[in-house]
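A.B. asks: The structure is given below, and queries will be raised subsequently.
The values are calculated or read from the model by the stated rules, or taken from the named source; none is laboratory data. Small disclaimer: the values here were computed from a predicted structure and weren't measured. With ideal geometry, Cβ positions are generated from the backbone for all residues, glycine too; neighbour counts draw on all protein chains shown. Each accessible area value is taken on the protein alone, full model and side chains, heavy atoms only, with ligands, DNA and RNA left out. Shrake-Rupley method; radii C 1.70, N 1.55, O 1.52, S 1.80 Å.
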Amino acid sequence: MAGAATWTTSLHAQKLAMPVIGYLCAESPELFASRLKAFHQGLGEAGFVEGRNVAIHYQWAEGQYARLPALAANLVARNVDVVVAPGGAPVALAAKAAAANNAIVFEMGGDPVQLGVVDSLPRPGGNITGVSSLSVDVSPKRLELMHELLPTAAKLAVVANPTSPTANSQLQKLRSAAETLGVHLQVLNASAEKEFEPIFSTIAQEAGGLVFTSDPYFAFRSRQLAELAMKYRVPAITQSRDFPTAGGLMSYGGDFAQSHRRAGMYVGRILKGEKPSDLPVQLVTKVEFIINMRAAKLLGREFSPSLVSGADEVIE
Amino acid sequence: MIVRERFRGLFQKYLLVLFMAVAIPLAINGIVEAWFGYRDQRARLDQLLGVQAASAAAEIHDFIYGITNQLGWLVQVPWSDEPDERRRTEALRLFRQAPAIVSLALLDNRGLERLYVSRIGLNRIESRTDRSADPAVIGARSAQVWFSDVSYHRGSEPHLTVAVVGNRPSVGVVIAEVNLKLIWDVISAIKVGKTGFAFVLDRPGRLIAHPDISLVLRGAEEATSKPFRTIRDAIGPAGAGFATSRDVHGHEVAAVAAPVAGPDWTVVVEQPLAEAYAPIYAVLWRTVALLAAGTMFAALLAYALAHRMTEPIRVLEEGTERIGAGSFDHRISIETGDEFQRLANSFNNMAAELALAQEHQERIAKLKRFLAPQVADLVDRAGDDSVLDGRHAEVVVIFCDLRGFTAFSAALAPEEVMSVLSEYYEVLGRAITQFAATLISFSGDGLMVLVNAPVPVEEPALRAVDLAVEMQKSVQGLIAGWRSRGYQVGFGIGLASGAATVGRIGYADRFDYTAIGNVVNLAARLCASAADREILIDAEVAECVRGKRSLVELGDRQIKGFDEAIPVFGISFDTP
């Protein structure tokens, strides 16, 4: 009788002891659906399924990045087993600032060493590790691609988010690339949706190309940007494949499906008992170049054969 | 008690011998089988891991040479001095096909960089930088395909530089940087057994491919690569068979290495020893189980056989002990159908004969009390004592007693009386035995003897007379001695012949042989009337011995109990 009671209690305890993941996200579930799917896929590969052997507690900032520290503090207060900080450096930094003891797995496009999130790639140190998608590193590449599409343009515009922790380093690299390419660089700032339209209308008048820096805020508003680009007939390039898929011209950046999936796998490994400090930061190997031929036609532009042959995906 | 005895002696010996006879060949067979099984399994494991290693090495080789083959397509056409847009298209197409290539540099025949494309950095077209002194260029020019040492990008991702030259100098050189992290797709697909896997080390022994990507990303660290290098070093030169070593977690593993030519790497496949040896353990366990079962069977068999062999002996032993102790009716029961049964039957027969013999002896002992030993033997030889049954017979009855013995005994001490009687019966007994007469009874100093019954003899009267003479002579010898000591005693004998009823009388174990009839009374009366030194016989006896022995006619005498006086005769004899 006593044994049966103990058994029931331990079973109950086991159920209570189901690990909890705290998912900190800067955006809304709708915008993040495809990333979340990749994350669940990675988690599943590590043997965890939400609701079955792991619980996930979500915190959505709905695009208000300023709310991230408070949301991160919520998760820490709930004493979750792992904090997942996907979708960019601000999230990772907010999580790192809030969590003293919780394990953190980030997913970002920037260089986590340069941002001070980790000590080094092979030895992240502390209680944090994650995946970087290289999107930030390839900002100059976007400028190069835009230059190739508009070889005669003497001036190209770059859109940066001044609130992004990676903005300065990206702009520095872009300026140096512009020098190499021999183009003049016009830097425009946008940190809110309302600032998008004025940018497109300005560039439309100057008949130039628009290069977006790597920034989650831009990436998650690809549909909006694509609509504006087509409305003002401005050739533009962003980091996310969502942009050409939604009707934009082209994108160049790390494969987010891969990075979110790997983050999910890392979370699984940590839940199984590995220490974040023993898991090196992974760089996503795949950088994808997507072009939309239909958008090019609407804009009256043509991709060179080398651009087409170099594209990982061509939307006809 | 019986159990303790059983585990001594023969049972123990038989048990041991029989057990050994079965268990030793069984054990030898088991050990031999296990040894060969072990060797076969080891050889199979050797072969299996060897094949796995070779196949893994081939896959890694394919990965690398797949890339160099594709690079080879970029060095097919001679360079002109004009920029070549077509080559850029081809290079970008190659990016798509070979995701592991991070960057490509195309050099012309003078070693000038004509095109550089990168996934991350900016492309360079016609930079015309002189790279002819680049080790990649020099290496590729001498060996067609050149591989650099592995470098770890930002201390984490392993990269390899590959340079390929075309089949003529004018086509130039292509130099590609390859991210080796992508070997993961290949290496993680290689499964060795259930949990075994493969990993790749470069020439200095740094980890460049492993199913756990997090280890590869730290491959540049000594602490990460050392355990893997230890395994590689334990294997030694390829082809030496599998080696056992310990993995990162200290578990024992079986590992085989195979080289990857070109970049000079080593592919090692490892399998946990417990898993690799599982079939060997299975064989060993099977053997142990069979041995245990066989030994148990041998023990049971030996016990049963030893029991079967010693049990008859025990029964024999017990039986003979009981027979020896006198239980002649005991029979040893052994139904083994072999020598033991025959032996038991012999014992049983012996016991039966012993019982018979004892019965004879008892009977003879009984008979000897009242029969002459010769007669007793005769009865015994006859096999039955029907001769003692009651019947009518012509017998001669002899009575004798001492004269004046009652007065004599009253005056003496009992010891002396008994001593005198002993001497007296000693001599009488000897005479009775000598003449094969039958002692019927004695009381005090008187004695009754029968002749011609129960066993008939020839001339009974004559024999009886001779016996009487002998008795007189012997006793008179004694009397002479007694008289010299002052005792006044005499000895008289009476004989009569006639029909009497003879037979056995008595009850239970107490039997006597006796005669009943007038002749007995007559003999007793004659004895009573006989004086010392006298032997009185009746007419019938006298008639029989007349002419043969010297008779003295004593005339008719009035005998008590007889109405008329009857003729009485005496036998004269010489006094010694």
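A.B. asks: Select the strands (runs of 3 or more DSSP E) contained entirely in the range A:64-155, then report the ones holding at least 2 residues which are of a type in the set (Ser, Thr, Tyr) and either touching a strand residue (DSSP E or B) at 6+ places or on another chain (Cβ under 7 Å) or open to solvent by less than 20 Å² (accessible area, probe 1.4 Å) (or both).
C.D. replies: It comes to A:128-132.
A.B. asks: Testing residue A:31 on (1) modelled with pLDDT of 90 or more; (2) in a helix (DSSP H, G or I); (3) surrounded by 14 or more Cβ atoms within 10 Å (Cβ to Cβ), one condition comes back false. Which one is that?
C.D. replies: (1)
A.B. asks: With the requirement that a residue be open to solvent by 10 Å² or more (accessible area, probe 1.4 Å) and of a type in the set (Ser, Thr, Tyr), what does the range A:194-237 give you?
C.D. replies: Residues satisfying the conditions are A:201, A:202, A:217, A:232.
A.B. asks: Pairs only if they're at least six apart or on different chains, beta carbon under 8 angstrom, first in the range A:113-127 and within 11 Å of chain B (Cβ to nearest Cβ) and of a type in the set (Gly, Ala, Ser), second in a loop (DSSP other than H, G, I, E, B) and surrounded by fewer than 18 Cβ atoms within 10 Å (Cβ to Cβ); list them, first residue then second.
C.D. replies: A:120/A:113; A:120/B:154; A:120/B:155
A.B. asks: Moving to a separate point now. Just to be sure before I move on: is residue A:273 among the small types (Gly, Ala, Ser), under 30 Å from residue A:84 (Cα atoms) and more than 8 Å from chain B (Cβ to nearest Cβ) in the structure I sent?
C.D. replies: Working: among the small types (Gly, Ala, Ser): yes; under 30 Å from residue A:84 (Cα atoms): yes; more than 8 Å from chain B (Cβ to nearest Cβ): yes.
Yes; evaluated as a whole, the condition is true for this residue.
A.B. asks: Another question, if that's okay. Could you name every one of the helices (runs of 4 or more DSSP H) located completely within the range B:176-254 that has at least 2 residues being buried (at least 19 other Cβ atoms within 10 Å of the Cβ)?
C.D. replies: Fully inside the range B:176-254 and qualifying: B:213-216, B:222-235.
A.B. asks: Do any strands (runs of 3 or more DSSP E) entirely within the range B:68-161 hold 1 or more residues that are touching a Ser or Thr at 6+ places or on another chain (Cβ under 9 Å) and touching a residue at least 60 places away in the same chain (Cβ under 8 Å), and if so, which?
C.D. replies: Strands (runs of 3 or more DSSP E) meeting the threshold: B:101-107, B:145-147.
A.B. asks: Next question, about the same structure. Mind checking whether some residue in the range B:435-451 is in contact with a strand residue (DSSP E or B) (Cβ under 8 Å, 6 or more places away or on another chain) and charged (D, E, K, R)?
C.D. replies: There is at least one residue in the range B:435-451 that is in contact with a strand residue (DSSP E or B) (Cβ under 8 Å, 6 or more places away or on another chain) and charged (D, E, K, R).
A.B. asks: Out of the residues in the range B:140-158 that are surrounded by fewer than 20 Cβ atoms within 10 Å (Cβ to Cβ) and in contact with a strand residue (DSSP E or B) (Cβ under 7 Å, 6 or more places away or on another chain), state the one that is nearest to the other protein chains (Cβ to nearest Cβ).
C.D. replies: Top of the filtered list is B:153.
A.B. asks: When the range B:196-216 is examined, which residues are found to be of a type in the set (Val, Ile, Thr) and touching an Asp or Glu at 6+ places or on another chain (Cβ under 6 Å)?
C.D. replies: Scanning the range B:196-216 gives a single hit, B:208.
A.B. asks: Quick check: is even one residue across the range B:398-405 surrounded by 16 or more Cβ atoms within 10 Å (Cβ to Cβ), modelled with pLDDT under 85 and of a type in the set (A, V, I, L, M)?
C.D. replies: no
A.B. asks: Hey, among the residues in the range B:120-136 that are under 25 Å from residue B:206 (Cβ atoms) and at pLDDT 90 or above, which one's farthest from the other protein chains (Cβ to nearest Cβ)?
C.D. replies: Ranking the candidates gives B:135 first.
A.B. asks: Scan the range B:495-522 residue by residue and report those that are in a helix (DSSP H, G or I), open to solvent by less than 60 Å² (accessible area, probe 1.4 Å) and over 19 Å from residue B:553 (Cβ atoms).
C.D. replies: From the range B:495-522, those in a helix (DSSP H, G or I) are B:518-522; that's our starting set.
Applying the additional criterion that residues be open to solvent by less than 60 Å² (accessible area, probe 1.4 Å) yields B:519-520, B:522.
The answer is B:519, B:520.
A.B. asks: Something else now. Being farther than 20 Å from residue B:397 by Cβ and open to solvent by 60 Å² or more (accessible area, probe 1.4 Å) is the filter here; which residues of the range B:531-547 pass it?
C.D. replies: B:533, B:547
A.B. asks: Separate question: Just give me the residues in the range A:209-246 being in contact with a helix residue (DSSP H, G or I) (Cβ under 6 Å, 6 or more places away or on another chain), more than 21 Å from residue A:141 (Cα to Cα) and of a type outside the set (Phe, Trp, Tyr), in sequence order.
C.D. replies: Across the range A:209-246, the qualifying residues are A:228, A:233, A:246.
A.B. asks: Please verify whether residue A:307 is within 14 Å of chain B (Cβ to nearest Cβ) and touching a residue at least 40 places away in the same chain (Cβ under 8 Å), treating the condition exactly as stated.
C.D. replies: Here the answer is yes, as residue A:307 does meet what is asked.
A.B. asks: Take the residues of the range A:245-300 that are among the hydroxyl-bearing types (Ser, Thr, Tyr) and farther than 11 Å from residue A:130 by Cβ: which is least open to solvent (accessible area, probe 1.4 Å)? Working first, answer last.
C.D. replies: The first filter runs over the range A:245-300 and keeps only residues among the hydroxyl-bearing types (Ser, Thr, Tyr), leaving A:245, A:251-252, A:259, A:266, A:277, A:285.
Checking which are farther than 11 Å from residue A:130 by Cβ leaves us with A:245, A:251-252, A:277, A:285.
On the way: A:245: 92, A:251: 1, A:252: 19, A:277: 32, A:285: 27 Å².
The selected residue is A:251.
A.B. asks: Please state which of the following conditions residue B:49 fails to meet, knowing it meets all the rest: (1) in contact with a strand residue (DSSP E or B) (Cβ under 6 Å, 6 or more places away or on another chain); (2) at pLDDT 90 or above.
C.D. replies: Looking at each condition in turn, residue B:49 falls short on (2).
A.B. asks: Go through (1) within 12 Å of chain A (Cβ to nearest Cβ); (2) touching a strand residue (DSSP E or B) at 6+ places or on another chain (Cβ under 7 Å) one by one and return the number of the condition residue B:106 breaks.
C.D. replies: Checking residue B:106 against (1) within 12 Å of chain A (Cβ to nearest Cβ); (2) touching a strand residue (DSSP E or B) at 6+ places or on another chain (Cβ under 7 Å), the one that fails is (1).
A.B. asks: Now, a different point. Which of the residues spanning the range B:445-474 are closer than 9 Å to residue B:400 by Cβ, open to solvent by 10 Å² or more (accessible area, probe 1.4 Å) and of a type in the set (Gly, Ala, Ser)?
C.D. replies: B:446
A.B. asks: Also, I was wondering about something else. Return yes when residue A:189 is open to solvent by 30 Å² or more (accessible area, probe 1.4 Å) and either at negative phi or more than 14 Å from chain B (Cβ to nearest Cβ) (or both) and no when it is not.
C.D. replies: Against the criterion (open to solvent by 30 Å² or more (accessible area, probe 1.4 Å) and either at negative phi or more than 14 Å from chain B (Cβ to nearest Cβ) (or both)), residue A:189 qualifies.
A.B. asks: Right, next: How many of the residues making up the range A:134-166 are under 27 Å from residue A:192 (Cβ atoms) and in contact with a Leu (Cβ under 8 Å, 6 or more places away or on another chain)?
C.D. replies: Summing the residues that are under 27 Å from residue A:192 (Cβ atoms) and in contact with a Leu (Cβ under 8 Å, 6 or more places away or on another chain) in the range A:134-166 gives 15.
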